[in-house]
Amino acid sequence: MTATIEPSQAELLPSVRNFLSGTKRFLVGGQWVESASGATFETIDPANGQVLTTVARGGAEDVDRAVRAARTAFDEGPWSTMKPNERERLIWRVGDILSERAEEFGQLEALDNGKSAGIASAVDVAWSADIFRYFAGWATKIEGSTVNVSMPFVPGGQFHAYTLREPVGVCGLIVPWNFPLLMAAFKLAPALAAGNTVILKPAEQTPLTALLLGEVFEEAGFPPGVVNIVTGYGDAGAALSAHDHVDKIAFTGSTEVGKKIVDAARGNLKKVSLELGGKSANVVFADADFDAAVTGSLNAWLFNHGQCCVAGTRMFVEDSIFDDFTAAVAEAASQVKIGPGLDPTTQLGPLVSQEQFDKVTGYLAAGLADGARALTGGKRWGDTGFYVEPTVFVDVKPEFSIVEEEIFGPVVAALPFNAEEGVAKAANSSIYGLAAGIWTKDLSKAHLTARQLKAGSVWINQYNGFDTAMPFGGYKQSGWGRELGATAIDLYTQTKAVNIAL
């Protein structure tokens, strides 16, 4: 892992270069506006620490303007009166435009987040487009049901009873910096399909693809006020969470912030869904396909530079293969190509910010101080940018911070287990329960272990096995509710019971 020369931004598409010019405004009521205070902030390229562009910094007054615009669009229309198939066509068009502009979004995501532009285009943007198309179809398929009621306390009465599935109303959507575009799609698509209006608040570290997405909604023909986008810091998110005219908050981010959002939402008891932190267990049995498990386990904690809530950062390996397996994972990690996201050969990019870099390197130091041994990595990489070497720790104990706490970087802690004693108790000894991986050729063992693990997603002989139709969410302190699939519609609708005496 040697330092490389960073590619020039001269390789950027003209549209991306043009987008970065000038201060970026945010979208409220169909207008691109400056913040009420005139405040701005800089967004930084994590590959070199340089400023990409300046962005309007929204505050409570801006959030209030956006909420009122969304409220009007919901209460007075035309969104609330639009036919489901009309909403379907608009949402589907968003997916098509994303596909058409995939390279543009990929480059912008690479600049703002640090991830590979090629991966961002092929994964983040392509999947986002698929999500919009999938939920576009749901717009015409949200149904109530008839109920055969008994009404025993009304002898001889006849009734016609049914339920309606209706939109919640105005939804505040707060998304993180690790998958800026994708996490926005996770929330926007089902919320809009269900007939809600929204205020999207992207992370301050990565606001750019959210703003470009605002242009996509305009191009697709969405009415003013249906989609509003306010960029800013935590105070904007807090104002959105506490606003009495917001009916629902959907948040992806840390468990710590998720708890604050729950507190802020108490004022009007708005609905809240949360996709929070993780410290996922990746379990490798001795009978696994060794090579496939090495590759898959590496991907489990290196994907997106380890900045992934489902990252398999606690790697439990059966004791009989522990030394050989961890050595193989470490060797594979040491061969990973590190560099900026605009370099098409990059496999591992920089962390998103100086703050995240300091956090991750702090965990590296703490792990070594506690007595852990790094088979590879253990320090920063290069002299510029927010790069960290992929690190495999062994000789760890369950109480080490690198085992207990979410690091959100390219770091894994490996722990041996004995098959006769089992692995479930150790794997479940976390406050989190977002995801888990299992590697074995024994089908019964795979199913039995999957039942034992307390996690919202369990992937067998693979990792990061996502699909738009599969529900995603966590157990324990990893969150409330399930995104994606049919279950996501539940987050953005409410049920009305109607009972008519005939």
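For the reader, a short list of remarks on this structure follows.
- Probe 1.4 Å, accessible area per residue of the chain, Å²: 40
- Largest to smallest in accessible area, the residues ASP323, ASP130 fall in the order ASP323, ASP130 (1.4 Å probe, all protein chains included).
- Taking the protein heavy atoms of the chain in the context of the full set of protein chains, the accessible area attributed to carbon and sulfur is 51 percent at 1.4 Å.
- Measuring between their Cα centroids, segment 437-502 and segment 244-301 lie 12 Å from each other.
- Nearest-0.05 FRET efficiency for THR487 and LYS397, computed from C-beta distance (R0 35 Å): 0.40
- With both labels modelled 7 Å from their Cα along Cα-to-Cβ, the MET151 to ASP75 distance reads 3.4 nm.
- If you take all other residues with their beta carbon under 10 Å from the beta carbon of GLN494, and give Lys and Arg +1 and Asp and Glu -1, the sum is +1.
- Per the Debye calculation on segment 21-163 with a single equal scatterer at every Cα and no solvent contribution, log₁₀ I(q)/I(0) for q = 0.20 Å⁻¹ amounts to -1.24.
- Rounded, prolate or oblate (a/c below 1.5 giving rounded, otherwise prolate when a/b exceeds b/c) for the chain by Cα gyration tensor: oblate
- Shape of segment 277-316 from the C-alpha gyration tensor: oblate (a/c of 1.5 or more and a/b not above b/c, with a ≥ b ≥ c the square roots of its eigenvalues).
- Per-selection Kirkwood Rh - segment 129-235 (Cα, Å, 1 d.p.): 16.1
- For segment 364-471, the Kirkwood hydrodynamic radius from C-alpha pairs, put into Stokes-Einstein at 20 °C and a viscosity of 1.002 mPa s, yields a diffusion coefficient of 136 µm² per second.
- With bins 5 Å wide beginning at 0, the percent of Cα pairs of segment 192-307 falling in each bin runs 2, 9, 15, 16, 15, 12, 10, 8, 6, 5, 2, 0.
- Calculated P(r) of segment 281-387 - Cα pairs past 22 Å, %: 35
- Overall, the anisotropy analysis places segment 7-97 in the oblate class: the square-rooted eigenvalues a ≥ b ≥ c of its C-alpha gyration tensor yield a/c not less than 1.5, with a/b not exceeding b/c.
- Spin-label pair LEU13/SER254, simplified geometry with 7 Å Cα→Cβ offset, distance in nm: 3.4
- You can think of it this way: the chain between THR384 and LYS337 has 15.3 nm of extra reach, that is 0.36 nm per residue less the Cα-Cα gap.
- Spin-label model, ASP291 to GLU42: label points 7 Å out along the Cα-to-beta-carbon direction sit 4.9 nm apart.
- For segment 92-160, the spread of Cα positions along the three principal axes, ordered from largest to smallest, is 70, 22, 14 Å.
The values are calculated or read from the model by the stated rules, or taken from the named source; none is laboratory data. Bear in mind that the values here come from a model prediction, so they are computed numbers and not experimental data. Here Cβ is always computed from backbone atoms with ideal geometry, including for glycine, and neighbour counts include all displayed protein chains. SASA here: full protein model, heavy atoms, side chains in, ligands and nucleic acids out. Shrake-Rupley method; radii C 1.70, N 1.55, O 1.52, S 1.80 Å.
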